[in-house]
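Asks: Okay, here's the structure, questions in a sec.
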Amino acid sequence: MRGDDITFERALKRLQEIVDLVKKKEISLEKSLDLLEEGVQLANFCTERIDHTRWQEEKKGFDEKGAEGEDNLS
């Protein structure tokens, strides 16, 4: 999965596919390790997206509170 066309939802879907493949235990150790590497990259991507979204929400809340506080000072 290429990084430039990935969405959070697609990453989660692919992570679930990887989990399902590994649970079947019908793949080689080498393939399992490749899937593990891909899964770690996808998990990191998802974590970064979640962190960025939280930061945006916190910033939005801070900006709104800051604007309200400015109005109260006048």
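Asks: Does Arg10 fit the bill of being basic (Lys, Arg) and in contact with a helix residue (DSSP H, G or I) (Cβ under 7 Å, 6 or more places away or on another chain)?
Replies: no
Asks: If Met1 satisfies all but one of (1) assigned to a helix (DSSP H, G or I); (2) modelled with pLDDT under 90; (3) surrounded by 11 or more Cβ atoms within 10 Å (Cβ to Cβ), what's the number of the condition it fails?
Replies: Against the list (1) assigned to a helix (DSSP H, G or I); (2) modelled with pLDDT under 90; (3) surrounded by 11 or more Cβ atoms within 10 Å (Cβ to Cβ), Met1 comes up short only on (1).
The values are calculated or read from the model by the stated rules, or taken from the named source; none is laboratory data. Values in this document were obtained by computation on a predicted structure and should not be read as measured data. No Cβ is skipped: glycine too gets one built from the backbone with ideal geometry, and neighbour counts run over all protein chains shown.
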